[in-house]
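K.L.:
Handing you this structure, nothing more for now.
Every number in this text was worked out from the coordinates using simple rules, so none of it is lab data. Quick caveat, the model's predicted, so the values are computed rather than measured. Counting neighbours? That spans all protein chains shown, and the Cβs are built from the backbone with ideal geometry, glycine included.
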Amino acid sequence: MQSEVIIETRSLTKVYRDFWGRQKVQALKALDLEIRRGEIFGLLGPNGSGKTTTMKLLLGLLFPTSGKALLFGRDATDVSKNERIGYLPEESYLYRFLNAEETLDFYGRLFNMSPKVRRQRVAHLINLVGLDLAKRRQLKEYSKGMTRRIGLAQALINDPELILLDEPTSGLDPIGTRNMKDLILDLRDQGKTIVMCSHLLADVQDVCDRIGILYQGELQELGRVDSLLEIQDVTEFRASGLSKEAEAEIRQVVEKHQGKLLGIGHPTSTLEELFLNIIAESEAHPGRRVRSGEGAGDGS
């Protein structure tokens with residue numbers, strides 16, 4: 001049985017217009033997506049490809065020109081859905097003169113949490129993002145990486161089912177980046193659904209189950225990361241204990257020479273190489289969807 005669809009977009013389109021109502025730019029063109037409960041979905045694309053517009057449409061901060069965006073089966077403009085969502089923007093807008101405890105307590109009040117629940121959530125989240133030693137320092141003294149971590153804690157204050165992350169590892173050092181990726185994976189293991197935008201393709205490759213690549217407002221590629229990165233026209237063999245003569249043979253010869261077959265499969269590319277190839281193909285053939293991966297509705 002397929003898991004519940006958390007996000008669904010149907011021909012979602014956004015056109016920005018000038019003062020006179022004339023079309024200025026078509027930021028998003030007929031986006032069709034399904035994102036299911038418990039998966040980490042990566043939204044990739046160069047600047048101006050429509051990633052931020054998509055995020056804002058999902059949050060209900062923008063209204064679509066045409067098409068629909070549904071979250072939990074409700075229209076994205078329905079504000080009641082927001083109590084089930086956590087959002088980390090690319091730039092966290094937090095009160096600089098509050099400390100970490102005061103910041104999280106403030107956001108807990110916005111969700112009408114009781115004092116006891118707020119205290120528990122604040123302590124848990126500060127520990128979760130590794131800010132115990134800085135929890136009473138004002139945010140104006142925080143580094144960019146520390147600000148990113150308290151921003152994530154703020155996004156989790158309401159224990160959301162759906163978490164939208166815009167550049168979650170921006171400003172983090174290698175250890176902080178690894179911790180952030182481990183935290184995202186742990187949230188997925190708790191059954192939460194995560195949508196993340198990132199320019200750091202290695203981070204997306206490490207944590208995402210599926211990705212969608214946007215270019216000039218159009219969905220160019222969609223599918224599971226492992227499937228998209230396989231080089232289908234090349235087969236790779238790994239074996240041990242074979243003589244040099246046996247190495248020149250193929251499958252059946254492995255057993256003939258008493259070798260141990262360690263694996264047969266397709267070698268993989270990198271997400272960076274896939275991304276650049278998709279963009280180059282899109283520039284060479286404007287308007288053509290590459291879409292060599294899985295279909296939009298396949299959440300397997």
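K.L.:
What order do you get for Lys29, Lys14 when you list them from fewest to most C-beta neighbours inside 10 Å?
P.N.:
Fewest to most other Cβ atoms nearby, the residues stand as Lys29, Lys14.
K.L.:
Another question about this same structure. Taking a point 7 angstrom from the Cα of Glu141 along the C-beta vector, which residues in region 64-101 have backbone N less than 20 Å away?
P.N.:
Output list for this probe position: 94-101.
K.L.:
Sum up the charges of everything whose Cβ sits under 14 Å from the Cβ of Asp173, counting Lys and Arg as +1 and Asp and Glu as -1, but leave Asp173 out.
P.N.:
Neighbour charge sum, excluding Asp173 itself: +4.
K.L.:
Could I ask something else about it? Rank the residues Arg137, Arg224, Arg148 as a footprinting-exposure proxy: fewest other Cβ atoms within 10 Å of their Cβ go first.
P.N.:
Arg137, Arg224, Arg148
K.L.:
Please find the FRET efficiency linking Asp226 to Glu101, where r is the Cβ-Cβ separation and R0 is fixed at 35 Å, and quote it to the nearest 0.05.
P.N.:
0.30
K.L.:
Follow-up. In a shell of Cβ-Cβ distance under 12 Å around Asp75, excluding Asp75 itself, what net charge do Lys and Arg (+1) and Asp and Glu (-1) give?
P.N.:
Summing Lys and Arg as +1 and Asp and Glu as -1 gives +2.
K.L.:
Work out the FRET efficiency for Asp186 and Ser269 from their Cβ-Cβ distance, taking R0 = 35 Å, and round it to the nearest 0.05.
P.N.:
That gives a FRET efficiency of 0.80.
K.L.:
Note down the nm distance, to one decimal, between modelled labels 7 Å out along Cα→Cβ at Arg109 and at Ser66.
P.N.:
4.6 nm
K.L.:
Another one. Straight-line reach from Lys51: which lysines fall under 25 Å, measuring Cα to Cα and dropping same-chain residues less than 8 apart?
P.N.:
Counting by Cα, and skipping residues close in sequence, Lys51 has these lysines nearby: Lys14, Lys24, Lys29, Lys68, Lys81, Lys144, Lys181, Lys192.
K.L.:
If you don't mind, another one. So if I take the centroid of the Cα atoms in region 192-222 and the same for region 36-111, what is the distance between those two points in Å?
P.N.:
Spelled out, the Cα-based centre of one part sits 16 Å from the other.
K.L.:
What ranking do 167-176, 46-55 get when scored by the average of other Cβ atoms within 10 Å per residue, highest first?
P.N.:
Order by mean packing, descending: 46-55, 167-176.
K.L.:
Now for a separate question. Which lysines does Lys116 reach when only Cα atoms under 21 Å apart count, and residues fewer than 8 places away in its own chain are ignored?
P.N.:
In chain and number order, the partners are Lys135.
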